[in-house]
Amino acid sequence: MRTGEMRTRCAVSRGAGGYASVPLQADGQTYGSSTIPAASVVVPPFDPNLRSIVDSQGVVELADFRTVKVGGAEWAPAALPGNGRVLLAKRPANGGSPDADVYMRASAWCLLPTRDASIDKCDPISSSTSPGTPAVHTDGTVGWATATGVPFRLGGLSVWAQTDGKRLTRAEVLPPAKKIQGSSVLLDATGRAGWIDPSDLAVALGEDVSDPGSKRIAWFEARSFSSDGVTAELYRSPVTTAQLARDLGSAFGTNTGAVYGVRVLGRAIVVAVRISSDAVVIARVGSDGTVSKVATLPGELEPKIMTWPGN
């Protein structure tokens, strides 16, 4: 997509995948709702150069839409970590629906060194027997993030994270801010940053959520990863959800619709947000209070921002 001098790349949600309900075990409880939808930024369908994408039968070259067969009867392409490698996942038995319990095992995933390599060359991604999810890195490697959470130090918030020690695969603001369903946090494709639901953040900080001024656009960047937790920096823009809705021309009054994708740019964040049944907007929100509309996409899309110029 081109808009003036700026070029963005978005991946659109698709229905394939079976790893959407990986639980997070934190603070003595298990949280089943997940930030890991099929074709998410955690297990991205695109390669890092955005020249290829996986489908159920192989790898599609976007230049000419040629499909290279990869996988086989038991294994399906799931992601393209980089350096020509392909992450494969076990196909559902007998062609049925994907079993989340299977995808939570490291043995259900393997890493093919090249697209033309035989299945017997597909290497295990981890020897771990703990449930979890793959953590795809842009250097072509893949880690395993167990479902056991670690403390996520983010100001005074009670947050836990799921990580393989290099990138986040999930982060949650725990009760009372935690939603009954869904997640308070949406990660960006770097695995080191993300968006926090403004209402949930206001609750977590003890603010009056009936005050529209408390619902300010917020995001974070991880600063360090260690075995005892993750440390991150919190940013809050003076821009409220009501102002964002007004500035973007939302058809939902003082609210916008769903946020599908984000990209953190230090002291600014780019969001893909629904403003009507017919339109999704890519917008940039700064910590200085600026809001700029970058592009408008058709309403049937649910875009996820995979890369951003200069970031």
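Just so you know, all these numbers are worked out from the coordinates, no wet-lab data involved. Please read all numbers here as calculations on a predicted model, not as lab measurements. In this analysis, Cβ positions are derived from the backbone assuming ideal geometry, glycine residues included, and neighbour counts consider all displayed protein chains.
Descriptive notes on the structure:
- Length released on extending from T114 to D211, taking residue separation times 0.36 nm less the Cα-Cα span: 29.5 nm
- Between F65 and S292, the FRET efficiency estimated from the beta carbon spacing at R0 = 30 angstrom works out to 0.35.
- Counted by Cβ distance under 15 Å from G286, the other residues give a net charge of +3, where Lys and Arg count +1 and Asp and Glu count -1.
- What the Kirkwood sum gives for region 187-311 is a hydrodynamic radius of 14.9 Å, with every pair of different alpha carbons counted.
- Among the listed pairs K69/K293; K166/K215; K69/K304, those beyond 28 Å (Cα-Cα): K69/K293; K166/K215
- Listed peptides 195-203, 54-62, 138-146, 247-255 by packing density, highest first (mean Cβ within 10 Å): 195-203, 138-146, 54-62, 247-255
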